[in-house]
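Have a look at the structure below, then the notes.
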Amino acid sequence: MQRPRVDSNLTSWLLAYPDTYEIGLPNQGLQILYELLNERPDATAERAYAPWIDLEAEMRAHRLPLFSVDTHRAAGEFDVIAFNLSAELVFTNVLNCIDLAGVPVRSAQRSDADPLIGAGGHCAFNPEPLADFVDFFVVGDGEEVVGEITDVVGAWKRSGKRAGTREGLLRDLAGIEGTYVPSMYEVSYDGAQLVEVTPRYPDVPPLVAKRTVADLADWPYPRRQLVPVTEVVHDRLSVEVFRGCTRGCRFCQAGMITRPVRERPAAQVREMVSAGLERSGYDEVSLMSLSTADYSGIAELVRDTVTAGAGGGAATDPSRISVSLPSLRVDAFTVDVAAQVSRARRTGLTFAPEAGSWRLRQIINKLITEEDLYSAVRSAYSQGWHRMKLYFLTGLPSEMDPDTEAIAHLAQSCARIGQEYTKRASVTVSLGGFVPKPHTPFQWFGQNPPDELARKVRLVRSALGRNRRVQLKWHDPAASTAEGIASRGDRRVGAAIEYVWRKGGTFQEWSERFDLTLWEEAMAACGLDLDWYVHRHRGEHEMLPWDHIGAGLHRDFLWQDWQDALAGHGLPDCRWTPCYDCGACTEYGIEHIVASPVAPNGGSQGTGQDLATGHVVPVELRPRQLAGAGAPAGGGA
Amino acid sequence: MRLRVRFSKTGKIRFIGHRDVARVAERAVRRVGLPVAYSEGFSPRMRMSFGLALPTGYESDGEYVELPLIDGAMLEANARDGVGSDVAAAGPAIVCRSGTHVPCGDEPDLDAPSYCTLAAALSEALPVGMEVSCAVLTDGSGQSLQAAVRTCGWRFDIVGLAEAAATKAVADLLAAGTVVTERVHKGETVSSDVRPSVELLQVVGSSNRGAELSAVLSATPRVVRPSELVPALAPEHDMGIARRTHQWTCGAAGRAEPAVPSRCAQRQKETLSG
Ligand code: SF4
């Protein structure tokens, strides 16, 4: 057990996850920082999670503040309260946690004695919707920057946090690379349109570039993964095998903002797996990354992992350790990998073709063919699986009804293949509404309205007919709309988020708590046009709210990739083919760290496809049309 | 052969439920590398059986789990190479990944050899508040613990109740022919007479919350909980913390415990962690 030290001389961090303990505990990012901070002689870190509504009611009734789970210290006693932002719909929970901590929700109202409110994680790449509530954001990998922030905050703490010095501290923080302090920037608009984000001081950088750790081998964390005594999601050992992904899926924010690919050395992975299993007592390990089947030598790694517990006494039996591989790419999931995984207890398998037709998969650059999918599915069924999940997005750029209906066709074919192996074979289709994300080629695309997403879901459902072998699950289209507001919103959207929170709209990630009418009401009350924020295509020269945040990607690379998408041109994976200078390495003087020089299954994207073959693109999405789509449609603050 | 492990559940850990206890115990077994048998089939699970379920929120000094060991996990004394030769007669050694454990020489018992170093290792692997007080080897014959346990011993306190008032309430309850109390079972309120289940009830002093009582309550046909007595004893008061002290079985020789805490397990634990 790890026991954080309680000592008022230490710079203290409360690492907060703005969702329940069950959801938040396994978060690896938070656990890495927790360990790194507690290893420092001058710092201490504890954790907090959002109390569920029943506990919150009790806490408020008894005037109990948010407190740490480690030592039950009140949140307000910490020097820094830092939130992990892994999804947009948790934003209202962030406000609620700040309020429960007894801290004013708006940064401008905080005094010198109040804790600093920080935030990091993928959603920090568009920090603007939370800009009025968060004192500083960390953009990119946190391993190094968390120490630099501790140095600066520690010096301030030791000087006594004198009245009137908070502004100076924030200015110092803004000078740390990868740290964004929203209050140090002036934002100006022309009507609805954002026109400028300017630093208020000369020493504040106009562009905040993300942090990237060059080599994962330097950071073998978490070394001592937290093992909860109650049940949580992902209740298993997790070992990150690589960070970053350059498959280049155009809808995928994670793949764009975490470049380049940095593989952990295989020997270190093996060491972390065997030490972690022995320390924790877990019998399951997840080899984590954005696309684990792409890890160099994955089949050998899985084989060794399954036998990781072996070599000792009679207690160890290789078949007792199960391996779960999240996010499998079908063109890299071979019989070999399937066979290695299936030696242990089989966990669920999820494949993500993302789009139903090859035409649309070219648009989104998910370059896997139907045959790739079928052979992966065949590998799995032949190795004894009988259930799998297929993940799709709908509402993608240029998606036409035949593309949507093709989802049903793919799923049915997979189920049919399964029938050849087992009568029990079944397939679950999980259908999500596409929400365009900042720093991706699709950041200019107007999201489908909820009724259109709902229509597409119905389309898939009726195309599936009465197939008992295929189950359809879908994400609430209304939730995608709210996610869209927060995803590409600017600073003005913060008022709407605060409105939703004040009306009791917490835990918006939970379907039983989600309510779109609350968001619509909030947007209207704040004089904001939901359509303009969510459903509108953006033009090439429009200033985007996150343009002053650098994810390493050149803006013209993203625009070109958007144009290539619409032309149906694929892009190879630069980890195995020449660099096309997206900016992620070239701007930082770093490069891929990949052990194998070739893709797992051959070909530049694993398929050997002719990537330049264009396809028919519907007229309404031609670039020509886009150019005229940038005019504001009203609204604004 | 089966290893019968007795453990406690005190402090904050009392709030985790029975399923969580099972998961925690499973991980502890794996951390120690104890060679416990698994079920057969597509999705093998570690085989373990617990004694009577403890209500969530209750503490305990007497929880049990039985772990069937796989064949070949034990080394008979004569097959051992210099291991524990001084206690060679006391029983087989148990080979774990983390080390080999021999029966304790302090309290030799040929029928149920006790493994104090193993008990200490399991304690180390369990969360704070769960301590193993003994681990004994049994031949695994006979009834399961769930079926064998007849009565449970309890300690509990009643918030804000004075000792004198408690003494009177206990006398009244014991004198009564029937004591009908209500409890919620599967979402419905059912009332039953708990008087026949009370084998022993007495006031033993006061805690910082109020009068402290000890009780022996029957476990068949169902486990009667101390909380069911409190409305009859002191309707205006709440129960504080309850702790199970014993699970009793009944044999030819009368009341007995499935395993008693070993004196040396605690000493061993101190050596290990020190
Ligand atoms: S800079 Fe080049 S090698 Fe690096 S991620 Fe971008 S395209 Fe790939």
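The values are calculated or read from the model by the stated rules, or taken from the named source; none is laboratory data. Predicted model, so just to flag it, every value in this text is computed and none were measured. With ideal geometry, Cβ positions are generated from the backbone for all residues, glycine too; neighbour counts draw on all protein chains shown. Just the protein is used for accessible areas: all its heavy atoms, side chains included, with ligands, DNA and RNA removed. Shrake-Rupley method; radii C 1.70, N 1.55, O 1.52, S 1.80 Å.
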Kindly report, to the nearest 10 Å², the accessible surface of B:THR100 as traced by a 1.4 Å probe over protein heavy atoms only. 70 Å²
Gyration tensor (Cα) of the protein assembly as shown, equivalent ellipsoid semi-axes in angstrom: 53, 35, 28
Order by accessible surface, 1.4 Å probe, largest leading, for residues A:GLU144, A:GLU512 comes to A:GLU512, A:GLU144
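Looking at the protein assembly as shown only, what percent of DSSP beta bridges run antiparallel? Nearest 5 please.
Close to 55 percent.
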With both partners inside chain B, how many of the DSSP beta bridges are antiparallel, as a percent to the nearest 5? 95 percent
Using Cα-only point scatterers and the Debye equation, what is log10 of I(q)/I(0) for region A:373-417 at each q in 0.14, 0.21, 0.24, 0.29 Å⁻¹, rounded to two decimals? -0.39, -0.73, -0.85, -1.06
If I take every Cα pair under 8 Å that is 6 or more residues apart in chain B, average their sequence separation and divide by the length, what percent do I get for the relative contact order? 23 percent
Points 7 angstrom from Cα along the Cβ direction at A:ASP151 and A:GLU271: gap in nanometres? 2.6 nm
Expressed as an acute angle from 0 to 90° and rounded to the nearest 10, what is the orientation of the C-alpha long axis of helix B:116-125 relative to the principal long axis of chain B? 70 degrees
At a Cα cut-off below 29 Å, give the lysines reachable from B:LYS9, other chains included and same-chain residues fewer than 8 away excluded. B:LYS186, B:LYS269
Taking the Cβ of A:ARG468 as the centre, find all other residues whose Cβ is under 12 Å away and add up their charges (Lys, Arg: +1; Asp, Glu: -1). +4
With DNA, RNA and ligands ignored, accessible area of A:MET184 (1.4 Å probe; Å², nearest 10): 0 Å²
Give me the one-decimal nm value for the distance between modelled label points at A:TRP510 and B:LYS186, 7 Å along each residue's Cα-to-Cβ direction. 2.8 nm
Give me the net charge of A:VAL594's neighbourhood, meaning all other residues with Cβ under 14 Å from the Cβ of A:VAL594; Lys, Arg count +1, Asp, Glu -1. +1
What ³J(HN,Hα) values, in whole Hz, does the Karplus curve 6.51 cos²θ - 1.76 cosθ + 1.60 give for region A:536-549 when θ = phi - 60°, with x put for Gly and Pro? 8, 6, 9, x, 4, 9, 5, 6, 9, x, 10, 5, 8, 9
Does anything in region B:226-244 have its amide N under 16 Å from the 7 Å Cα→Cβ label point of B:GLU199, and if so which residues? B:226, B:244
Which whole-number percent gives the relative contact order of chain A, counting Cα pairs below 8 Å spaced six or more residues apart? 14 percent
Net charge near A:PRO26, counting Lys/Arg +1 and Asp/Glu -1 over other residues with Cβ under 13 Å of its Cβ? -4
Would you rank A:LYS157, A:LYS366, B:LYS186, B:LYS12 by solvent-accessible area, highest first, keeping every protein chain in place and using a 1.4 Å probe? B:LYS186, B:LYS12, A:LYS157, A:LYS366
Accessible area, 1.4 Å probe, largest first: how do A:GLU300, A:GLU498 sort? A:GLU300, A:GLU498
FRET efficiency for B:ARG45 and A:GLN471, using Cβ-Cβ distance with R0 set to 35 Å, rounded to 0.05: 0.85
At 7 Å along Cα-to-Cβ for each site, give me the label-to-label distance between A:SER596 and B:THR56 in nm. 4.5 nm
Roughly how tilted is helix B:18-32, in degrees to the nearest 10 and between 0 and 90, from the longest Cα axis of chain B? 20 degrees
How about region B:190-260: which GluC sites (Glu not before Pro) there are in a DSSP loop, with at most 12 other Cβ atoms within 10 Å of their Cβ? B:GLU236
Roughly what angle does helix B:263-273 make with the longest principal axis of chain B, taking Cα atoms, 0 to 90 degrees, to the nearest 10? 70 degrees
List the lysines whose Cα lies under 21 Å from the Cα of A:LYS389, skipping any in the same chain that are fewer than 8 positions away. A:LYS366, A:LYS423, A:LYS456, A:LYS473
When the expected Rg is taken as 2.2 N^0.38 Å, what fraction or multiple of it is the alpha-carbon Rg of chain B? 1.11
